[in-house]
1. In µm²/s, what is D for the stretch 103-184 at 20 °C and 1.002 mPa s, where D = kT/(6 pi eta Rh) by Stokes-Einstein and Rh is the Kirkwood radius from Cα pairs?
2. Between the stretch 275-326 and the stretch 154-168, what's the alpha-carbon centroid distance in Å?
3. Give the percent of DSSP beta bridges with both residues in the chain that are antiparallel, rounded to the nearest 5.
4. Tell me, rounded to the nearest percent, the portion of alpha carbon pairs in the stretch 21-163 spaced more than 18 Å apart.
5. If you scale each eigenvalue of the Cα gyration tensor by 5 and take the root, what three semi-axes come out for the chain, rounded to whole angstrom and sorted largest first?
6. Using only the Cα atoms, work out Rg/Rh for the stretch 20-96, with Rh taken as the Kirkwood radius, to two decimals.
Ligand SMILES: NC(=O)c1ccc[n+]([C@@H]2O[C@H](COP(=O)([O-])OP(=O)(O)OC[C@H]3O[C@@H](n4cnc5c(N)ncnc54)[C@H](O)[C@@H]3O)[C@@H](O)[C@H]2O)c1
C-alpha cells in the first residue's frame, strides 16, 4: 500500500492529540508533526518524524518541505482567542503569517509532486461578531455568510486566513502567463468550543466549559468567568476529529463551499454546570463573570447552521450533550483525575 504523508502543525495541542491518535489507526499513513514544544511522547510514537520548532521559521519549513512529500496538511498551529487578545501582534504573526507560510509550502509541494495538496484548516465561531446580546438572542442560529464582523484579533485572523485559503485555491498568481490555481485544495471548518476528555485547554474563550468539568473531577474550586446564561455552541473532541477526517475525505465535487460550520449542542453555562454537578455533586463552581471576556462570548452566536456540511459531505455529530458527558467525558475525566 502506498504511504500518505501528512503534515500536522500545532500537533501537540488538544486537536493534535486527538487527530494523531485517530490517524495512527489508519494504514499507510505517515505523520510528520511540528510544534513549538517537543511532542508529547504519547503521540510522538505514532509519528514518522516530529520537529520542535516555529512555523514562522522559514528555514525549518523549507527543510520540512524538501525532506518530505506531503499530500495533506492539517494546519492546527495557532494562538487561541484569549491569548491572541493579550498579544495581538504575536497572534497576527503566528495566525496569519504562519498560515501564509504553510500555504506557500502547500504550493511548493504541489509543484514538486505534480498533484493537488489538500489543506485542512480549523477556523472558529470567533469569525462571527454579533453587536450585542439582544441581537445574539434574536438571530439564534447563523449561516456561514452572516455576521462575519469579528471583534477579536483571533476572529479577524481566522476570517482572513479563510480568505487566504480561498485565494490560494482559486486565484493564486492569477496574472501569471501559466495559471497557478488548483495547486492547493483548501477546506475549512468553523468549529465551536471543543471539549476534550484527554486534555485541558488553555488560551481560549470557550474554556469555561471544559475547565468547569476538569476542575470538578479533580475536586478543585472553579470560578467561572462566564455568566450563567452564556450560550455558545460546543462539540465533543471525537466529533471534531471525525469532522476533520470526513471533510478531508470528501470528493471535491461534493463541496459547494470552502468553509463549513459544524456544531453539536448549545448549552448555557448554567446547563453545563448542572450537568457537571449531576456527576460531581461536590463540584465547587462559582459564577464570577469577567466583563471583558463575557463581551467576547456575547458576540459569538448561540448556534450555527451546519446544514451545508450535513448535505455536502454527510456531517452528523455522534455526540449530543447527554451522550458526550455520560459516554465520553465523565468516564475519562474521572479516570484521569484518579491517576
Ligand atoms: N480548541 C477549540 O475549542 C478550537 C475551536 C475552534 C478552532 N480551533 C482551532 O484549532 C486549532 C488547534 O486548536 P487546539 O485546541 O489544538 O489548540 P492548542 O492551543 O491546544 O494547540 C495549538 C498548538 O499550536 C502550537 N503552536 C503555537 N504557536 C506555534 C508556532 N509559532 N509554531 C509551531 N507551533 C505553534 C502550540 O504549541 C500548541 O501545541 C487552532 O487553529 C485553533 O484556532 C480550536
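1. The diffusion coefficient I find is 146 µm²/s.
2. Answer, in whole Å: 24.
3. Values: 2 of 38 bridges.
Roughly 5 percent of the beta bridges in the chain run antiparallel, per DSSP.
4. Tail of the P(r) past 18 Å holds 63 percent of the pairs.
5. So the equivalent ellipsoid measures 33, 23, 18 Å along its semi-axes.
6. Working: Rg = 14.0 Å, Rh = 13.9 Å.
Looking at the stretch 20-96, the ratio lands at 1.00.
None of the figures in this text is laboratory data; all of them are computed from the coordinates on show. The model shown is predicted, which means the values in this text are computed figures rather than measured ones.
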